[in-house]
Amino acid sequence: MRTMSKIPLAAIVVSVVSVLVTACGGGAAGSTGNVELSAAQKAVVADAEAAFAKYSKVQPLETVPSLPQAPPRGKTMTLITCSLPVCATLADGAASAARALGWQLTTLNSNSTPQGFLSAMDQVAANPPDAFAYISALPDSSIATQLNKIAKAGTKIVALSPIGNPLKTPGPVQAVVGGEKDTAMSGRMMAQSVVADAHGPANSVFVWDPSFAGVWGPIKDAYEGVLKGAGSTPGVLEVSNANIGKTVPSQIVSYLQANPDTKYVALAVVDYNAGLDSALRAAGLLNKVKIISRAANPAALKAINDGTQWASVGLELASSGYRCLDQLARLMMGVPLGDKVDQAGWEQIYVKGNVTQTSAQPEAPDYERVYQTAWHVG
């Protein structure tokens, strides 16, 4: 089990009538207490409240420009995915999009390990398809040989949740989905939700697996940036994705017991919710902290609707499969991608007041119809 990082405490006397402000936050959840914020901190809080008000409303998918004609049918495509449930949902979306386009899709699972990913990459390089997309377990520098071989065969390549540096063109990878702009936005939205709810600094902890820093680093950085801008430094709890639904819930409970002033728990991925409500209930902590997760799923929506969890940031999952194939189709047809080469995708903050269903994966409204109309299919 990984050890918990301890939140530093640094009391600063502001004035005779001021209160002590800790580096992990000031004031109780839902208020700033008597903490006097600077002009810069007030601006961060105001931005957070405006963002929370905007993104807790139904968010439409951005306009998808129509292609000049339907993409060519009968193309081959390979997708390398991972073992997390969010990856399975993305793969399902890609499969749906491929069917709509009349493409033959082969899906390979890397099992989220470097060895499994390298094996899958070697398999693709040995028989390059017309189109290729991958969720990487390694930086592109580690698979440069395979990527160059695949690209040399004329394959169009899109990276999903890329690790490391932003997209560089020209190069074998021609577009990205879920890149740094997208991940940073989701981390920022979690933090803005916390700051908006607290109306200022807040005692919170960010839960993540640091071995995924190549992909999730921007989430953590953006979360910490907003909280620090508002006048508080969040704690960090390191867990292992291999222990989702196993030891992760007890690690979160242990952290909260050791840091009883924590009012908000931000989960880097919604899968950390597995078994969490039961663990919090057993420890007498259910409804004593506010849980906000990233990549909302039906279980998170149900927990929000039932009142056991507070909020979740919805992301493109199945619809990101459609976004990926849209990029590949445009690359194949020589249609410029413009800003769609790497952009933040659809996101929305779910809270009890806007959860309308708890059985289906939350996604951008009507995304299948929007994309298929732009593709002249369906």
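The values are calculated or read from the model by the stated rules, or taken from the named source; none is laboratory data. Keep in mind that what you see is a predicted model, and the values were worked out from it rather than measured. Because the Cβ atoms are built from the backbone with ideal geometry, glycine has one as well, and the counts that use them run over all protein chains shown.
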Listed residues Ser112, Ser66; which is of a type in the set (Gly, Ala, Ser), surrounded by 17 or more Cβ atoms within 10 Å (Cβ to Cβ) and outside any helix (DSSP H, G or I)? Ser112
Quick one: Met332 ticks every box in (1) part of a helix (DSSP H, G or I); (2) at pLDDT below 95 bar one, so which box is it? (2)
Run Asp182 past the list (1) touching a residue at least 60 places away in the same chain (Cβ under 8 Å); (2) within 26 Å of Met77 (Cα to Cα); (3) surrounded by fewer than 21 Cβ atoms within 10 Å (Cβ to Cβ); (4) not polar (S, T, N, Q) and report the number of the one that doesn't hold. (3)
On the given criteria, is Ala230 closer than 17 Å to Ala46 by Cα and surrounded by fewer than 24 Cβ atoms within 10 Å (Cβ to Cβ)? no
Positions within region 360-378 being modelled with pLDDT of 95 or more and of a type in the set (Gly, Ala, Ser), in sequence order: Ala374
Per-region count, region 298-329, residues in a loop (DSSP other than H, G, I, E, B) and free of Cβ contacts under 8 Å to residues at least 40 places away in the same chain: 2
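A quick yes/no check of all residues on (1) closer than 24 Å to Pro210 by Cβ; (2) among the charged types (D, E, K, R); (3) in contact with a helix residue (DSSP H, G or I) (Cβ under 7 Å, 6 or more places away or on another chain):
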position: Leu237; (1), (2), (3): yes, no, yes
position: Lys246; (1), (2), (3): yes, yes, no
position: Thr262; (1), (2), (3): yes, no, yes
position: Leu280; (1), (2), (3): yes, no, yes
position: Lys302; (1), (2), (3): no, yes, no
position: Asn305; (1), (2), (3): no, no, yes
